[in-house]
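First up is the structure itself, then whatever we jot down about it.
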Amino acid sequence: MEHKKETRQFKTEVQQLMKLIINSLYSHPEIFLRELISNASDAIDKVRFKAQTDPDILGQDAELRIRIIPDKENRTITIEDNGIGMTYDEVVENIGTIAQSGTKAFLDAMEKAKNKESLLPELIGQFGVGFYSAFIVAEKVTLLTRAAGQDKAVRWESAGDGSYTIEETDRASRGTSVILTLKPRGDDEPDYTDEWTIRNIVKRHSDFVSYPIVMDVERREQIPEGEIIKDKEGNPVGSTSRTVVKEETLNSMKAIWTRNKSEVTEEEYTEFYKHISHDWEAPLAHLHIRFEGTTEYQALLYIPSHLPLDFTLRERRHGIHLYSKRVFIMDDCRELMPEYLGFVHGVVDAPDLNLNISREILQHDSLVRNIRKNLLKRIFDLLENMEPEKYEQFFSEFGAILKIGVPTDHENRERIAKLLRYRTTKSEGKFVSLKHYVERMQPDQDEIYYITGDNFAALANSPHLERLKEKDLEVVLMTDPIDEWVVQHLGLFEDKKFTSAEKGDLGLDKPDDKKTGEFGDFFAFLKDELKDLVKEVKPSTHLKDSLSCLSGEAYDMSAYMEKILRASGQKTEPVKRVLELNIDHPAIANVKYVFEKDRTDPVLKDYARLLYDLAVVAEGGKVEDPSRFSRTVGLLMAEAITAEELMAGDAIEV
């Protein structure tokens, strides 16, 4: 009976990836072995988990292991496992297309990276394209796999030239073999068929893999006294030793999270982190926990030193691996860590957890909820007690993600608020805590003043802050989109109310009712002229030097929030805002004079619109009619210069 066989082309993105990997030279080519061992370990995890409900799936091949087979003569190295294996369609899906969107995300990340060669090892692991790291050292890769419970096996082969062949074949048992035909070796390059090269790589990168990584090695051993060794012709050989082949395990297989903290070195913690995270850099901090009591569980958690480049991908997997009595359950346990801490990597081993637990059950399991609660408490403790410089590094990377916890985690909202850092009008560009802000508030100050936007410089110089600065009141400058939701859900911090510097009446000075009354008719005229744009015109409580600004009522949507919603594709009705005018400004007095002299003067319409446009420009917005704005300003400049020249001429003539 003929086997199915075909030749296929890689997708365009995969070809780009292959070209990038094959032609890239960097300092860590041995990453290929780490990635292939990691894939083999995942495959064994899956078959071991499946065996909990289907013990017969293991059959006669119940001794789970990963085997490395070097062949110096033929220049090949094989990484073999007896895990779950793959079907024909799974090979096409997983190897031919590289996990759907993972390839494009990988290429985008590489395009943005400044130092592409140094980032390649990290990105390969993070974006799920580890199999292709084989082409760094191999001129041809052959994959032979048979899925558990299937009779037919699959053979896949490619030279990394844009195409691959795939066919049905035979394999004695389930599992996968990846055979690398190595490229010619340079003088200064390691020999990946050498026993000690392989041992060193496994020890450095894969020592903590939970299954034995074995390899046959040749050793010389003494011949027992009295035993006679003969050659092929039957003649006695005078040697006192002989060469034997022995299977040796290359990794320790020690579950690092089960050991006492005093027994684990920093180097071991770091290497285990790299193993589970595929991150090439050391973590920023780690947390090794053992909980004892009515329920017992162990956890080893890590905070990375930087935000993973795949963090924003919809398909990104969370970093928590869940085990029960060292039996792998899942590697994407979202139920143990909230979204705002989704960057945390680690392992949780809960012996009392049912091995057959599903995601639906996890969501309602009391033990899982208890574990999550305790993990969060310990992570908050770690962050709160972190050295200032290290915490500053953490917050610069993860601060915007951490803020998501304020609107989503009511129970821990206050602890999260204490971890937040912001720049202010008095912090000289440095980040300070809200607690620090409160400690240096003025004695009679009851409010935390803040302003939101997407540009720090624009916020720091916003006209809305002029009167606050005059009163020496500090303002928190919030530049993350999530900050809009943060202040809404916090409301208070240490009993101090959050008050927007651009909304409502700041109430900093007692209004001069007589002077305000003098502007009543003029403001009514402006309101009528701008009725499609503003809902009110009134004297400003914000301005000191600037001419005009736009503010909202206390419970109105802010201009920045409106901008965020529009950018996200949500349809929002424009919110009419209040036009505030600085009635102490000479320009306002002059326009008011023109109004009182002749209320029908056509120039008043231009002045009304100009006052509004200047307010829009002052907060970093865009005017609706730039040409009209430019024309009006130009005319005013011309008139002002002409007036100055006339006055100067009169003075000379006198």
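The values are calculated or read from the model by the stated rules, or taken from the named source; none is laboratory data. The model shown is predicted, which means the values in this text are computed figures rather than measured ones. Note that each Cβ is placed from the backbone with ideal geometry, even for glycine, and that neighbours are counted across all protein chains shown. The area values use the complete protein model at the heavy-atom level, side chains included, leaving out ligands, DNA and RNA. Shrake-Rupley method; radii C 1.70, N 1.55, O 1.52, S 1.80 Å.
The calculated pair-distance distribution of the range 344-478 uses every alpha carbon pair, bins of 5 angstrom beginning at 0, and gives 2, 8, 15, 17, 15, 12, 10, 6, 5, 5, 3, 1, 0, 0 percent. Accessible surface calculations at 1.4 Å, restricted to protein heavy atoms, place the chain at 52 Å² per residue. Surface listing: MET253, MET561 arranged by accessible area from highest to lowest gives MET253, MET561, probe 1.4 Å.
Estimated at 0.36 nm per residue, the fully extended path between PHE380 and SER173 surpasses their Cα-Cα distance by 69.7 nm.
With unit charges on the beta carbon (Lys/Arg positive, Asp/Glu negative), name the residue among ALA138, LEU610, VAL47 whose Cα is farthest towards the positive pole of the charge dipole of the chain. It is VAL47, whose Cα lies furthest towards the positive end. Helix 102-112 axis versus longest C-alpha principal axis of the chain: approximately 60°, rounded to the nearest ten.
Using Cβ point charges alone (K and R +1, D and E -1), the dipole size of the range 127-284 about the Cα centre works out to roughly 480 debye. Note on the chain: with charges restricted to the Cβ of Lys and Arg (+1) and Asp and Glu (-1), its dipole about the Cα centre is near 1020 debye.
Shown are ASP454, ASP71, ASP161, whose ranking by accessible area with a 1.4 Å probe and every protein chain present, most to least, is ASP161, ASP454, ASP71. Computed 3J(HN,Hα) for the range 384-401, one whole-Hz value per residue from the Karplus formula 6.51 cos²θ - 1.76 cosθ + 1.60 where θ = phi - 60°, is 5, 9, 6, 4, x, 5, 5, 5, 4, 5, 4, 5, 5, 8, 10, x, 5, 6, glycine and proline marked x. Since only PHE493, ALA460, PRO481 are under comparison, the one whose Cα sits farthest along the positive direction of the charge dipole of the range 431-493, derived from C-beta charges on Lys, Arg, Asp and Glu, is ALA460. The heavy atoms of HIS3 offer some 80 square angstrom of accessible surface to a 1.4 angstrom probe. If a spin label sat at a point 7 angstrom from the Cα of THR243 along the line to its beta carbon, the backbone N atoms of the range 185-218 nearer than 15 Å would be those of 194-195, 216-218.
The Rg/Rh ratio of the chain, with Rg taken over Cα atoms and Rh as the Kirkwood radius over Cα pairs, comes to 1.14.
Look at the dipole of the range 366-414 built from charges on Cβ: of ASN385, THR408, PHE398, the Cα furthest out on the positive end belongs to THR408.
Accessible surface comparison of VAL245, VAL594, probe 1.4 Å, protein chains only, largest first: the order is VAL245, VAL594. Axis angle, to the nearest 10 degrees, between helix 520-529 and the longest C-alpha principal axis of the chain: 50 degrees. Note on ASP161 and LYS183: the model spin-label points, each 7 Å out from Cα along the C-beta direction, lie 1.6 nm apart. Here the simple spin-label model places points 7 Å from the Cα toward Cβ, and for ALA587 and ASP332 these points are separated by 5.6 nm. Over all projection directions, the Cα-based convex hull of the range 455-566 averages an area of 8.4 nm². When the helices of the chain are scored as -39500 (n - 2.57) per DSSP H run of n ≥ 4 and the total is divided over every residue, the value at 222 nm lands at -11000 deg cm²/dmol. Peptide packing: for 469-479, 264-274, 568-578, the average count of neighbouring Cβ atoms within 10 Å per residue gives the ranking 469-479, 264-274, 568-578, highest mean first. Counted residue by residue at 0.36 nm each, then reduced by the alpha carbon distance between them, the extension gain from LYS544 to SER396 reaches 49.9 nm. The DSSP beta bridges internal to the chain are antiparallel in roughly 75% of cases. For ILE223 and GLU447, a Förster radius of 60 Å and the Cβ-Cβ distance give a FRET efficiency of 0.10, rounded to the nearest 0.05. One decimal place: the segment MET637-PHE49 gains 203.8 nm when fully extended, by the rule 0.36 nm per residue minus the C-alpha distance.
Relative to the longest principal axis of the Cα atoms of the chain, helix 195-205 runs at roughly 30 degrees.
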